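Data first, discussion second: the structure below is written as structure tokens.
The values are calculated or read from the model by the stated rules, or taken from the named source; none is laboratory data. Since this is a predicted model, take the numbers as computed values, not measurements. Neighbour counts are summed over all protein chains in view; Cβ atoms, including those assigned to glycine, are modelled from backbone coordinates with ideal geometry. The protein model used for the area step is the full one, side chains on, heavy atoms only, and it has no ligands, DNA or RNA in it. Shrake-Rupley method; radii C 1.70, N 1.55, O 1.52, S 1.80 Å.
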Amino acid sequence: MPELPEVETTVRGLEKVLLGQRIARVELRRGDLRRAFPPDLGQRLTGATVTSLGRRGKFGLIHTDRADTFVFHLGMSGKWRVDAHELHAHDHLLIETGDGRRLALNDPRRFGSVDLVATGEVDDWGPIGELGPEPTELDAGWLRERLRGRKAPIKSLLLDQRLVAGLGNIYVCEALHRSHIDPRRAGGRLSRDSVTRLVAAIRDVIAEAIEAGGSTLRDYARPDGELGYFSKSFAVYDREGQRCLCGGTVRRLVQGGRSTFYCPQCQR
Ligand SMILES: [Zn+2]
């Protein structure tokens, strides 16, 4: 499932193809993903020039000179392919540029979304308006204030996009492991030191994953043209029964319906 680093890597890949380009053609191959495509999407994008790209949480942003922003979310299984000259199953939306490149948004499970938002309103737009700070801008004092009195496990709290934007299951597990915090601990019971360590760990695991994406993707796309997916070795995620660096054994438990991977020996 794409998390912040995958979305960031995707946006950087799209930037190389789209920045400064005129959108020559848009093809919608169905009417919706998680929700309906904007009915005038093709009309508003065709002929527009891409002026910049960005990301907020797990939303990718493509800004145009018509003061429209194309906002995409990759959901559970979304990805963009570059130079998608042959169509694949689940290619739901195609964008062709003035210089003849073709991008395909592919999403087998269709939990992703595509919206067109006035550029000046993106920050306040629906799901983006509710997002907490980016992991890189997270402040330990602010987070501690937000966690005060919270009885829910820190693992579950960190998945709430209103607390920190863009974190998902993988990097929450990794950040809690790196900061030696037991995922079952109540958010409000973390010490000042623990929260400080946690904030640093979140920032580092995200930065390293983006870095790994940048170095693993030769240039910017895999040989098959897919953007944003890369394999990274994790310390605990998906490693149930394997050895932790501390010599302990990685365990799995289920919290809020999601698997948590952690090491009971070094996470307290
Ligand atoms: Zn350990």
Worksheet item: Relative to the Cα centre, what is the charge dipole magnitude of the stretch 1-138, using +1 at the beta carbon of each Lys and Arg, -1 at the beta carbon of each Asp and Glu, and rounding to the nearest 20 debye?
Response: 460 debye
Fill in: Isolated Cys residues of the chain, judged by Cβ distance under 4.7 Å to other cysteines
C173
Worksheet, complete the sentence: A 1.4 Å probe over the protein heavy atoms gives the stretch 51-200 a carbon and sulfur accessible-area percentage of 46 percent
Response to the item:
Over the chain, the sum of -39500 (n - 2.57) across DSSP H runs of at least four, divided by residue number and rounded to 500 deg cm²/dmol, gives at 222 nm -8000 deg cm²/dmol
Discussion item. Could you check the spin-label model distance between R192 and Q242? Points 7 Å from the Cα along Cα→Cβ, value in nm.
Written reply: 3.8 nm
Discussion item. So if I restrict to the alpha-carbon atoms in the stretch 1-148, what is the Rg, and what is Dmax, the biggest pairwise distance, in Å?
Written reply: 15.7, 54
Worksheet entry | Surface per residue (accessible, 1.4 Å probe) for the chain, Å² | 46 Å²
Worksheet entry | the chain shape via C-alpha gyration tensor axes, a/c threshold 1.5 | prolate
Worksheet item: Which one of G47, V17, L4 has its Cα pushed farthest toward the positive end of the charge dipole of the stretch 1-72, where Lys and Arg give +1 and Asp and Glu give -1 at the Cβ?
Response: G47
Practice prompt. Please name which of I128, V254, L61 has its Cα lying farthest along the dipole of the chain towards the positive end, using unit charges on Cβ (Lys, Arg +1; Asp, Glu -1) and the Cα centre as origin.
Written response: V254
Response to the item:
Toy charge model, Lys and Arg Cβ at +1, Asp and Glu Cβ at -1: the stretch 96-195 dipole around Cα centroid in debye, rounded to 20, equals 860 debye
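If R0 is 35 Å, what FRET efficiency do you get for A89 and D124 from their C-beta distance, rounded to 0.05? Please report the intermediate quantities before stating the final value.
Details: r = 37 Å, r/R0 = 1.04.
So the FRET efficiency works out to roughly 0.45.
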Practice prompt. Can you tell me the dipole magnitude for the stretch 1-77 around its Cα centre, using point charges on the Cβ only (Lys, Arg +1; Asp, Glu -1), in Debye to the nearest 20?
Written response: 100 debye
Worksheet entry | Extension gain, D224 back to L253 (0.36 nm per residue minus Cα-Cα distance, nm) | 6.9 nm
Practice prompt. Set the Förster distance to 22 Å, then compute FRET efficiency between R34 and M1 from the Cβ-Cβ distance, nearest 0.05.
Written response: 0.95
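Determine the gain in length on full extension of the stretch H180-W142; use 0.36 nm per residue of separation and subtract their C-alpha separation, reporting nm with one decimal.
That pair, H180 and W142, stretches by 11.6 nm at full extension.
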Worksheet item: For K151 and R203, what does the FRET efficiency come to when R0 = 22 Å and r is the distance between their Cβ atoms, rounded to the nearest 0.05?
Response: 0.25
